[in-house]
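Written below as structure tokens is the structure these notes are about.
The values are calculated or read from the model by the stated rules, or taken from the named source; none is laboratory data. Every value quoted in this text rests on a predicted model; they were computed, and no experiment measured them. FYI the Cβ positions are ideal-geometry reconstructions off the backbone, even for glycines, and counts take in every protein chain you see. Areas reflect the complete protein model, heavy atoms only, side chains present, ligands, DNA and RNA absent. Shrake-Rupley method; radii C 1.70, N 1.55, O 1.52, S 1.80 Å.
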Amino acid sequence: MNTESMRHELSIAIKASLEAGKMLLSNKKDLNKSIFSSDTDIKLKADIEAENLIKSILTKESSFPILAEESGKPEGDLEEFFWVVDPLDGTANYTRNIPLCCVSIALMHNMEPVIGVVYDFNNNNLYEGSFDREAKLNGNIIEVSEVKTAKEGILVTGLPNNTDYSDSALLKMVKDFQQWRKVRMIGSAAIASCFIASAKADVYKEFGTYLWDVAAGAAIVNAAGGKAEITNYRDNYQVDVRLSNSKIID
């Protein structure tokens, strides 16, 4: 795909993100209705409506198949290029009026994120990045931090639905946390990723999250001069992720 084509696909992702974010913000009273809940998860009308809107725009203006959180993947194998969509990352935050949630759209090439757009609609912050141009926040170039050690750094992480809460697993987690100056959990992997890209934090890592949670942020982190590592792909698109400023080894 040439540069002109990449910019065209990026513009489509931006359009879809802005439209979905506008809907999620302006129609929240109607959309903030639970359609499924469990001890560890919740799905809202907002998730479905935002995904339908995004898919309609991508389908109309782009030729690539779509892997989306709510509807899964189309029949058959995903192609060399395909979209990954999280219509509302941070659903629990959205429903409780915590302003840390967003729309996240990525374009993958051979399972590597090459375009990423994250729209933090509560704060009207649009993050974007692709493999052939700089990462930006609202049109301004952003770069990862210069922090070189965990003792000086901020780690952002999360606890997926299937987190192991055994004493041994929690002890291991705490020992890791002790290496850092500060640790944050914000409830949105996509926004956490953008915090790395814009030097608000230094490393984001999580085990057993989903590809749609982190693909767009990974592309943006790479474009901002950081390092995105997405590994251990499962059949259900769960992955392990480490996004960093590329300077901290832990």
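Brief remarks on what is shown
- Taken over segment 210-237, the criterion of being without any contact (Cβ under 8 Å) to a residue 60 or more places away in the chain and either under 14 Å from the mean Cα position of the chain (by Cα) or over 26 Å from N125 (Cα atoms) (or both) is satisfied by V214, E229, T231, N232, R234, D235, N236.
- Residue in segment 166-180 that is modelled with pLDDT of 95 or more and open to solvent by less than 70 Å² (accessible area, probe 1.4 Å) present: yes
- When the criteria are applied in full, I141 fails the requirement of being under 19 Å from L24 (Cα atoms) and out of contact with any Pro (no Cβ under 8 Å at 6 or more places or on another chain).
- Counted residues, segment 120-141 - those being polar (S, T, N, Q) and open to solvent by less than 20 Å² (accessible area, probe 1.4 Å): 1
- Residue list for segment 210-237, filter: among the polar types (S, T, N, Q) and either assigned to a loop (DSSP other than H, G, I, E, B) or on the phi > 0 side of the Ramachandran plot (or both): N232, N236
- Subset of segment 51-92 (residues that are touching a residue at least 60 places away in the same chain (Cβ under 8 Å) and open to solvent by 20 Å² or more (accessible area, probe 1.4 Å)): E69, F81, A92
- Listed conditions (1) in a loop (DSSP other than H, G, I, E, B); (2) open to solvent by 20 Å² or more (accessible area, probe 1.4 Å); (3) not acidic (D, E) are all met by I248, apart from (2).
- Filtered residue count, segment 79-120, keeping only those that are within 14 Å of the chain's Cα centre (by Cα) and aromatic (F, W, Y): 2
- Residues of segment 112-121 classified as among the β-branched types (V, I, T) and outside any strand (DSSP E or B), total: 0
- Restricted to strands (runs of 3 or more DSSP E) entirely inside segment 122-209, those with at least 3 residues that are in contact (Cβ under 8 Å) with a residue 24 or more places away in the chain and within 22 Å of I230 (Cβ to Cβ) are 125-130, 133-137, 154-157.
- Within segment 100-119, the residues that satisfy the criterion of being touching a Gly at 6+ places or on another chain (Cβ under 8 Å) and open to solvent by 10 Å² or more (accessible area, probe 1.4 Å) are L100, Y119.
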